[in-house]
Amino acid sequence: MLARLTTASALLAALLGAAAPASANGPGGAPAGSPPAAKEPAAAQEPAATPAPATSGPAPRLKRIRCKTGCQGPTAASPGGVLDLRGKRIKRVEQVIFLGAAGDADDVFVAPQRVTKKRVLVAVPRFARTGPLSLVDRDGGQSAPSRAALDVGLAPADPASPGLDVEVQSPRVFFDGVRKASVTFALRDEHPEAVDVELVRAADGVVVQRWPQGVVDPGAARTVTWDADTGTEPTPPGRYEFHVSAHDPSGAQAASAPAPAAPATFELLDHQFPIRGRHQYGTGAASFGGGRGHQGHDVFASCGTPLVAARGGRVKFKRYHGAAGNYVVIDGEQTGIDYAYMHLRDAALVDEGDRVRTGQLIGYVGQTGRATGCHLHFEMWSAPGWYDGGAPFDPLPSLRAWDRRS
């Protein structure tokens, strides 16, 4: 055992000694044996060229709320009414949060109807409650709550619609994510009804799960939450629908939802792009296999840009290394893949053994270790894992795919 450790340590020292004094691409080289107790990455290599680091834009700022339709006052509206939101840095906004009361129990997320450089148009969701609003851009930047609270009135009755109000809380969720898929419904009939909720895969109509609700009183809002991480195999990403139906005591269907517009549809994604800010991809020696065996891909962003877990799982390693700087390795839930994040500005915000979720904040982009320029060096390793018998493979196709969707 001593001979094994001595040989591995000597090899690691030789690799580090051969490394260039600075690197913008992070750890590379062949996955040579490292001391089992240290689990240190191989040495860093110098890239042929360093891209100029991208700049991470500040979060949006919500300055004004004005009701456009369905109004009961300048900052008062009924569900279904349209709001005109003004502010700064809002052209990349992709979600509006109706914050309701203190705490997140009644928060409602909704995609805007239209976004321009100067305004965001959004419909008031059916289950929104009186309270401030917040904006979220595609990089994950979130505005502070609005100073003015939106006063949400009662939803107008629509005799042509079914006797159920149904609304998905977020149009997009991630497998093993921080936020779960959930649907809120309420009866508008005069009498209690027996309600059933089904989750249907939109691609083929397969019913994934059922939640019998029993007899529900009119006007009482209920929420059903689905955790996609419930089986031994990952739930396929794609579009899903909550179908809600109500029946009278005789068993005859009294009401059903969603309506033809399918308001209860959401998208399930399997990964979230880890850099939550402006970024650009390295090329040449900063690519997988570049230089002398670069084992990952470098993505440049400003130091301090938030980093989230691309996939939830268990933290295997959280260390500091002379080449990798601050790094963390996560064993991806139900993937057999290890995900390594290197050159973090500070020690990772999670500890070894922690269970993390997809999209959970784990640290910030930095340039610790042998790094020139602020960037994330990102690696993906096949089973059984990082320096544990697995092998690194090119993460760029996955990164680009996640980047497009999330």
Result of the Cβ filter at 9 Å on the range 60-72, keeping first residues that are farther than 9 Å from L85 by Cα and partners that are polar (S, T, N, Q) and outside any strand (DSSP E or B), at least 6 apart or interchain, is P60/S143; R61/S143
Of the conditions (1) under 27 Å from R355 (Cα atoms); (2) surrounded by fewer than 19 Cβ atoms within 10 Å (Cβ to Cβ), A203 clears all except one; give me its number.
(1)
Could you list, in sequence order, the residues of the range 168-186 that are assigned to a loop (DSSP other than H, G, I, E, B), modelled with pLDDT under 90 and open to solvent by less than 10 Å² (accessible area, probe 1.4 Å)?
S170
For the structure I just gave you, tell me whether L399 is under 16 Å from F273 (Cα atoms) and either not polar (S, T, N, Q) or not in a strand (DSSP E or B) (or both).
yes
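Please tell me if D351 is part of a strand (DSSP E or B) and surrounded by fewer than 24 Cβ atoms within 10 Å (Cβ to Cβ).
No: the conditions fail for D351.
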Any chance G369 is over 17 Å from S287 (Cβ atoms) and either assigned to a strand (DSSP E or B) or of a type outside the set (D, E) (or both):
yes
Has the range 262-271 got at least one residue that is over 28 Å from Q334 (Cα atoms) and either of a type in the set (A, V, I, L, M) or modelled with pLDDT of 95 or more (or both)?
yes
State all residues of the range 128-145 that are within 21 Å of V168 (Cβ to Cβ), open to solvent by less than 30 Å² (accessible area, probe 1.4 Å) and either outside any loop (DSSP other than H, G, I, E, B) or among the charged types (D, E, K, R) (or both); if no residue qualifies, say none.
G131, L133, S134, L135, V136, D137
Report whether or not G304 is over 22 Å from the mean Cα position of the chain (by Cα), surrounded by fewer than 22 Cβ atoms within 10 Å (Cβ to Cβ), farther than 22 Å from A401 by Cα and not basic (K, R).
no
From the list Y339, Y327, Y320, exactly one residue is among the hydroxyl-bearing types (S, T, Y), modelled with pLDDT of 95 or more and in contact with a Ser or Thr (Cβ under 8 Å, 6 or more places away or on another chain). Which is it?
Y320
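Working carefully through the options V120, V208, V195, find the one that is free of Cβ contacts under 8 Å to residues at least 60 places away in the same chain and out of contact with any Ser or Thr (no Cβ under 9 Å at 6 or more places or on another chain).
V120
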Looking at the range 278-292, I want the residues that are at pLDDT 90 or above and assigned to a helix (DSSP H, G or I) and have a partner that is open to solvent by 50 Å² or more (accessible area, probe 1.4 Å) and polar (S, T, N, Q) with Cβ atoms under 9 Å, at least 6 apart or on another chain. Which pairs are those?
A286/T50
Here are some residues: T368, T335, T372. Which one is under 21 Å from F393 (Cα atoms), of a type in the set (S, T, Y) and in contact (Cβ under 8 Å) with a residue 40 or more places away in the chain?
T335
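Looking at the range 106-116, which of its residues are over 19 Å from the mean Cα position of the chain (by Cα) and more than 19 Å from T75 (Cβ to Cβ)?
Correct list: R114, V115, T116.
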Taking only the range 313-332 into account, find how many residues are surrounded by 20 or more Cβ atoms within 10 Å (Cβ to Cβ) and part of a loop (DSSP other than H, G, I, E, B).
2
Name the residue that is farthest from V183 (Cα to Cα), counting only residues in the range 216-255 that are open to solvent by 50 Å² or more (accessible area, probe 1.4 Å), of a type in the set (V, I, T) and modelled with pLDDT under 90.
T232
Go over the candidates A340, A310 one by one and state the one that is within 19 Å of S398 (Cβ to Cβ) and either open to solvent by 20 Å² or more (accessible area, probe 1.4 Å) or in a loop (DSSP other than H, G, I, E, B) (or both).
A310
Return the pairs, sorted by first residue and then second, in which the second residue is at pLDDT 90 or above and of a type in the set (D, E), the first residue lies in the range 77-106 and is assigned to a strand (DSSP E or B), the beta carbons are less than 9 Å apart, and the residues are 6+ apart or on different chains.
A77/D151
Criterion (in contact with a strand residue (DSSP E or B) (Cβ under 8 Å, 6 or more places away or on another chain) and part of a loop (DSSP other than H, G, I, E, B)) met by exactly one of D189, D165
D189
With respect to the numbered conditions (1) in a strand (DSSP E or B); (2) under 30 Å from V308 (Cβ atoms); (3) not acidic (D, E), which one is the sole condition not fulfilled by A203?
(1)
Hey, any hits in the range 106-124 for a residue that's among the charged types (D, E, K, R), at pLDDT 85 or above and either on the phi > 0 side of the Ramachandran plot or buried (at least 17 other Cβ atoms within 10 Å of the Cβ) (or both)?
yes
Could you list, ordered by first residue, the pairs with Cβ atoms under 6 Å in which the first is in the range 146-160 and surrounded by fewer than 16 Cβ atoms within 10 Å (Cβ to Cβ) and part of a loop (DSSP other than H, G, I, E, B) and the second is at pLDDT 75 or above and hydrophobic (A, V, I, L, M, F, W, C), at least 6 apart or interchain?
A148/I65
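The values are calculated or read from the model by the stated rules, or taken from the named source; none is laboratory data. This one's a predicted model, so the numbers in the text were calculated from it and none came from an experiment. So basically every Cβ, Gly included, is an ideal-geometry build from the backbone, and we count neighbours across all protein chains shown. Keep in mind that these areas ignore ligands, DNA and RNA; they rest on the heavy atoms of the full protein, side chains included. Shrake-Rupley method; radii C 1.70, N 1.55, O 1.52, S 1.80 Å.
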